[in-house]
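A quick write-up on the structure given underneath.
Just so it is clear, none of the values below were taken in a lab; they were calculated from the coordinates. Here the structure is a predicted model, which means the values were calculated and not measured.
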Amino acid sequence: MLVTLDWYKQRGLKVVGEPRTAPGINSVDLHGKPKTAVLSDCLDSSPSDTVYKSTGKSAVIKGSQEPDRRPVTAKAAAVGDRWLISEYEVDRTRTC
């Protein structure tokens, strides 16, 4: 996630609008050290846009074949009394 944010910053980009999410829990391991969980989601970016900060114009390539709705898998680990995302993967090859 931090790599993505840095990539956007280096290119003068920002996201406007709010993508829709509907996360679900695939599995939880409360006996491991650390405790872990696997989450899945269908990230719908259609209500948002990536724009250039300097102009506000869309940076999305017109006619892009990338779907607006993409499956996401995340892994979380318990650290103290909080759960933190340790891995986050967006499957850009298919839709959901």
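Taken over the chain, the convex hull of the Cα atoms encloses 119 Å³ per residue.
Our coupling estimate for the stretch 61-72, obtained by passing each phi through the Karplus curve with A = 6.51, B = -1.76, C = 1.60 and θ = phi - 60°, is 6, 5, x, 4, 8, 5, x, 6, 10, 10, x, 10 Hz, Gly and Pro reported as x. Just how far, in whole angstrom, is the stretch 35-53 from the stretch 16-31 if you go by their alpha carbon centroids? If you average the Cα positions of each part, the centres end up 10 Å apart. 3J(HN,Hα) couplings calculated from phi for the stretch 81-89 with the Karplus curve 6.51 cos²θ - 1.76 cosθ + 1.60 (θ = phi - 60°) are, in sequence order, 9, 10, 9, 10, 6, 9, 9, 8, 10 Hz; Gly and Pro show x. The number of Lys pairs in the stretch 2-90 with C-alpha atoms less than 23 Å apart, excluding pairs fewer than 8 positions apart on the same chain, is 9.
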